[in-house]
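The values are calculated or read from the model by the stated rules, or taken from the named source; none is laboratory data. Just so it is clear, the structure is predicted and the values come from calculations on it, not from any experiment. When we count neighbours, we look across all protein chains shown, and the Cβ atoms used for this are built from the backbone with ideal geometry, even at glycine. All accessible areas refer to the heavy atoms of the entire protein, side chains included, with ligands and DNA or RNA removed. Shrake-Rupley method; radii C 1.70, N 1.55, O 1.52, S 1.80 Å.
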Amino acid sequence: MSLIPTQAFSAHSNDRDTLHLLVQSSANLFAYWQLSSRKKRMVQDHFGADWLLLQPTLRFYETTVEQAVSTHLSDTISELPLPQGECCFLNGFLPGRLYFAELGIKNEQGQFLPLLRSNTIQTPHIHTKQEFPSNAATLENQVTYRPAAVSIQLKAPIAHEYFSAYSVYLPKCTPPADSEFGGDLD
């Protein structure tokens with residue numbers, strides 16, 4: 001299997017943010033995506049780097065119904081560098097499981113920063129011969145990507161006793177360090 005030319009998806013060329021998964025068989029998925037030029041430019045400007053230097057990545061999460069409903073991430077995560085174009089076939093998924101994907105970049109510390117999230121799909125429970133189209137010869141010429149498993153170490157968040165959504169602050173009972181007028185303490 002190979003990457004389908006992006007011209008096949010010209011209907012999605014209206015510059016929207018899209019990431020969608022489609023089930024092809026019990027172990028194969030098809031993914032298509034589009035990152036709007038506005039969002040792509042914003043990310044490049046923020047990090048001061050070219051798009052390819054930001055290591056665009058597709059990350060896949062195996063999840064349960066409970067995790068999918070509550071949007072908690074799973075323990076089983078795999079990823080691959082974002083293939084060229086705007087779509088690809090993927091294999092190596094398990095039958096009867098739920099999956100969703102995120103398209104993101106990696107910062108200088110190697111941390112994954114998601115930009116788009118896909119729909120959640122469920123692979124069929126059993127593998128049958130009917131899963132394969134009669135034109136299987138054309139699918140043999142396609143390139144299929146296989147995401148590699150990644151190990152992610154979850155860390156406990158750092159607690160800040162005096163934190164607001166906008167800044168760290170001092171409680172009112174503490175005398176201010178700066179007694180001059182002006183600034184945030186007025």
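Data for the structure
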item: Residue that is farthest from Arg59 (Cα to Cα) [pool: residues in the stretch 73-110 that are in contact with a Pro (Cβ under 6 Å, 6 or more places away or on another chain) and in a strand (DSSP E or B)]; result: Ile105
item: Members of the stretch 77-109 found to be open to solvent by 40 Å² or more (accessible area, probe 1.4 Å), acidic (Asp, Glu) and at pLDDT 90 or above, listed by number; result: Glu86
item: Verdict on Glu79 being touching a Lys or Arg at 6+ places or on another chain (Cβ under 6 Å) and of a type outside the set (A, V, I, L, M, F, W, C); result: yes
